[in-house]
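The values are calculated or read from the model by the stated rules, or taken from the named source; none is laboratory data. Please read these numbers as outputs of a predicted model, since none were measured by experiment. Every residue, glycine as well, gets a Cβ built from its backbone with ideal geometry; the counts of neighbours run over all protein chains shown.
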Amino acid sequence: MSLLFVEQVLNGLQLGVMLFLLAAGLTLIFGIMGIINLAHGSLYMVGAYAGSIAASATGSFLLAVPAGLAAAAVTGLAIEYLVIRKLYDRDHLDQVLATYGLVLLFNESISLIVGRQPLFVGVPPALSGSIEILPGMTFSVYRLTIIVAGLVIAAGLYALIQRTRLGMLIRAGATNRDMVRALGVDIKLLYTLVFGLGALLAGFAGVMAGPLLSVQVGMGEQILIMTFVVVVVGGVGSIRGALFGAIVVGLVDTLLRAFLPQLVRGLLADPSEADQLSAGLASMGVYVLMAIVLLWRPQGLFPARS
Amino acid sequence: MHDPFKFSGKALIAIAILIAALVALPFIAKAVGLPATTPLATRLLIYAIAAGSLNLVLGFGGMISFGHAAFYGVGGYTVGILFQHVRIGEPLFGFIPGTEQFLIAVPAAILVAGAFALLIGALALRTSGVQFIMITLAFAQMLFFLFVALKRYGGDDGLIIRRRNALFDLNMRDDLTFYFVVLIVTIGFYLLLWRIAASRFGMVLGAIRQNERRVAALGIAVYRYKLAAFTIAGMGAGLAGGLVANYARFVSPDMLHWTKSGELMVMVILGGAGTLLGPLFGAFALVTLETLLSGWTERWQLFLGPILLLIILYFRGGLSGLFKFIGGGGK
């Protein structure tokens, strides 16, 4: 039981890291540019598709990663240039609807180009199998890689924002964009870079998700809504909040999915009904978490600024 | 002062023509050999109710609720579940008898949806701006998963309602009869919306949209007004859901899906947020566009997405401006 629990905690951490990659981009783009981007999940989907197509075409996962990153980044920059740029001064409603239009466009375009059948990608051979991390307990190397890579990226992002000149401009741009512009900084370029960075992170999450999930149309929205929960729980606009929120949400979701069925099966007679009900309740779990956090702290756990 | 909800003589004539056209529509459709138009028009009217209710929060109140389809779905499921319990002859939770009476099931749908809206609104309205958008979306998604999990009521396959609810001695199976039932409900609903928008409550709501702080400084309990609007809007969506459950004789979790909330928002914006009849025209425009595009290609969303983008980027308030004289101003 306790080893199983440790394993599920690691699985939760892995999901949390993936959610962080998406939440960081989403919250940066909102915090700095004031844009609410529903198409963020589409960038994740583009990364996943590009990665899995590259992997199956070349047989090499090492090539899938740059392919997924490049596809997501190029798509992100194109979206920024063609659509997002025109939405900076609009209210949230226009942003929501325009990016909703983008979601429809991306989903249909992908199913037109690739088809509606989900793609399946194998775990790269070098990362397949599992290692013994505790006596008597093994864990998937691939999932462990995701955890490590995600934490490294989180550290890198923190260093970028807190320690570099670019990070200083990003922080300043979030606080007072007119002042930054008045100081002679090309704020348009800065925004494009931030959006590209967000797209890159989403694309990376997409590529890494490929071997774990089936790559399919609509995968972006499923995770986007969970990402929203992360952003709300953590505090809108805060990277620290995104990291903390992502890990909490990842753990809660994974642990509920793993252990709730046993509890519900004890209460209901029909096992198949119990399984479906517990799956549904587990899916609701993170939203209940969000409701509790909101009752307690409406601004989230780590609000970006008071 | 100009009262935005006082109709000019010209607007009243336009509305009379609109109602006359809606009454005549099924007969004309039959005469020109397009009988399928009547069910389509029924669907249009139901969407007009759903979009009109969303407009109360979105257009009048300025709250960007992205989970409105949840209340629409809850209303639909209320009708479906009550019917299911008639069929299996077993009370819901052991004490609520099922019903197939329109005058019980549809009001129940309105009340249940309103209760959910009250609960979700009470939580979501603790925040505003982008958090409000995300939270309403997330709660709607939570209800979506709840109905997917309810295997008893069909799970993700949905729930089939074998017969439409009974209303007096009317033959509800007949599409023409059902169309007129929906038309009367729609006219009643829009009359009510007009009363709300023109009331003191509607004025306060509009003031909150323009400047929430100033309204709060006047000593008005902003939160209560917003929550009341959110709840009434949820009840309107519940009404639409109850009607659509009768119309399609089917409910499924798709009714609550977040893309449905997006569609309702598009209807409101397309027609003109904050105008009385805007959502009606928006619903007409979107459903007609969808029907035409889907008749032409299965991949109609490929066209709908860019059309939406172009409208938002380049034709701000285009359609709404066109209808402004009918709605009598508004925003």
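Points to keep in mind about this one:
- Among residues of the stretch B:141-154 being under 17 Å from B:Tyr72 (Cα atoms) and either facing chain A (nearest Cβ under 7 Å) or charged (D, E, K, R) (or both), the one that is surrounded by the most Cβ atoms within 10 Å (Cβ to Cβ) is B:Gln141.
- Residues that are crowded, with 24+ Cβ neighbours inside 10 Å and hydrophobic (A, V, I, L, M, F, W, C), drawn from the stretch A:16-31: A:Val17, A:Met18, A:Leu19, A:Phe20, A:Leu21, A:Leu22, A:Ala23, A:Ala24, A:Leu26, A:Ile29, A:Phe30
- Answer residue from the stretch B:132-187, given it is in contact (Cβ under 8 Å) with a residue 40 or more places away in the chain and among the charged types (D, E, K, R) and is nearest to A:Ile225 (Cα to Cα) among those: B:Asp156
- Residue under evaluation A:Phe106, criteria (1) within 14 Å of chain B (Cβ to nearest Cβ); (2) more than 25 Å from A:Ile32 (Cβ to Cβ); (3) among the aromatic types (Phe, Trp, Tyr), criterion not met: (2)
- Any hit, the stretch A:84-93, residues being over 17 Å from the mean Cα position of the chain (by Cα), assigned to a helix (DSSP H, G or I) and within 14 Å of A:Val215 (Cβ to Cβ): no
- Scope the stretch B:120-140; condition aromatic (Phe, Trp, Tyr) and either facing another protein chain (nearest Cβ under 7 Å) or over 20 Å from the mean Cα position of the chain (by Cα) (or both); matching residues: B:Phe139
- Applying the set (1) within 29 Å of A:Thr27 (Cα to Cα); (2) touching a Gly at 6+ places or on another chain (Cβ under 6 Å) to B:Gly114 leaves exactly one unmet item: (1).
- Tallying residues that are touching a Gly at 6+ places or on another chain (Cβ under 9 Å), modelled with pLDDT of 80 or more and within 13 Å of chain A (Cβ to nearest Cβ) within the stretch B:272-303 yields 2.
- Residues that are modelled with pLDDT of 80 or more, hydrophobic (A, V, I, L, M, F, W, C) and surrounded by fewer than 17 Cβ atoms within 10 Å (Cβ to Cβ), drawn from the stretch A:264-306: A:Val288, A:Ile292, A:Trp296
- Candidates B:Leu264, B:Leu218 - the one that is of a type outside the set (Ser, Thr, Tyr) and under 13 Å from the mean Cα position of the chain (by Cα): B:Leu264
- Test: residue in the stretch A:118-133 that is touching a His at 6+ places or on another chain (Cβ under 9 Å) and either under 22 Å from A:Ser238 (Cα atoms) or buried (at least 17 other Cβ atoms within 10 Å of the Cβ) (or both): no
- Restricted to the stretch B:40-91, and to residues there that are away from every other protein chain (no Cβ under 14 Å) and at pLDDT below 85, the residue that is surrounded by the most Cβ atoms within 10 Å (Cβ to Cβ) is B:Gln84.
- Hits in the stretch A:184-218 - residues which are over 21 Å from A:Ile84 (Cα atoms), surrounded by fewer than 22 Cβ atoms within 10 Å (Cβ to Cβ) and in contact with a Phe, Trp or Tyr (Cβ under 8 Å, 6 or more places away or on another chain): A:Leu212, A:Ser214
- Residue match in the stretch B:82-104 (condition: assigned to a helix (DSSP H, G or I) and of a type in the set (Gly, Ala, Ser)): no
- Test: B:Leu292 is over 25 Å from B:Gly73 (Cβ atoms) and either among the small types (Gly, Ala, Ser) or surrounded by fewer than 16 Cβ atoms within 10 Å (Cβ to Cβ) (or both): yes
- Note on the stretch B:254-290: residues that are closer than 20 Å to A:Val103 by Cα and out of contact with any Lys or Arg (no Cβ under 9 Å at 6 or more places or on another chain) amount to 19.
- Just one of (1) more than 14 Å from chain B (Cβ to nearest Cβ); (2) in a helix (DSSP H, G or I) fails for A:Thr138. It is (2).
- Boolean, B:Val112 is β-branched (Val, Ile, Thr), in a helix (DSSP H, G or I), within 14 Å of another protein chain (Cβ to nearest Cβ) and under 30 Å from A:Val229 (Cα atoms): no
- Residue, surrounded by the fewest Cβ atoms within 10 Å (Cβ to Cβ), within the stretch B:204-260, restricted to residues that are part of a loop (DSSP other than H, G, I, E, B) and of a type outside the set (A, V, I, L, M): B:Gly219
- Answer from A:Ala182, A:Ala155 - the residue that is within 18 Å of the chain's Cα centre (by Cα) and without any contact (Cβ under 8 Å) to a residue 12 or more places away in the chain: A:Ala155
A quick yes/no check of all residues on (1) closer than 15 Å to A:Gly25 by Cβ; (2) among the acidic types (Asp, Glu); (3) modelled with pLDDT of 90 or more:
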{"site": "A:Met137", "(1), (2), (3)": "no, no, no"}
{"site": "A:Ile147", "(1), (2), (3)": "no, no, yes"}
{"site": "A:Ile170", "(1), (2), (3)": "yes, no, no"}
{"site": "A:Asp178", "(1), (2), (3)": "no, yes, no"}
{"site": "A:Val185", "(1), (2), (3)": "no, no, no"}
{"site": "A:Phe195", "(1), (2), (3)": "yes, no, yes"}
{"site": "A:Leu200", "(1), (2), (3)": "yes, no, yes"}
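- Selected residue (only one of A:Ala154, A:Ala149, A:Ala159 is away from chain B (no Cβ under 11 Å), within 22 Å of A:Leu197 (Cα to Cα) and either touching a Leu at 6+ places or on another chain (Cβ under 7 Å) or basic (Lys, Arg) (or both)): A:Ala154
- Close pairs (6 angstrom Cβ cut-off, 6 or more residues apart or separate chains): free of Cβ contacts under 8 Å to residues at least 40 places away in the same chain in the stretch A:48-60, in a helix (DSSP H, G or I) anywhere: A:Ala54/A:Leu63; A:Ala54/A:Ala64; A:Ala54/A:Ala67
- Complete set of residues in the stretch A:273-292 that are facing chain B (nearest Cβ under 7 Å) and polar (S, T, N, Q): A:Gln276, A:Ser283
- Conditions (1) assigned to a helix (DSSP H, G or I); (2) at pLDDT below 90; (3) surrounded by 17 or more Cβ atoms within 10 Å (Cβ to Cβ); number of the one not met by B:Tyr179: (2)
- Test result for A:Ser56, closer than 14 Å to A:Ala209 by Cβ, more than 11 Å from chain B (Cβ to nearest Cβ), touching a strand residue (DSSP E or B) at 6+ places or on another chain (Cβ under 8 Å) and not in a loop (DSSP other than H, G, I, E, B): no
- Cβ pairs under 7 Å, 6+ apart, first in the stretch B:18-46 and assigned to a helix (DSSP H, G or I), second at pLDDT 85 or above and of a type in the set (Lys, Arg): none
- Given (1) of a type outside the set (D, E, K, R); (2) assigned to a helix (DSSP H, G or I); (3) farther than 28 Å from A:Ile247 by Cβ, index of the condition A:Gly76 fails: (3)
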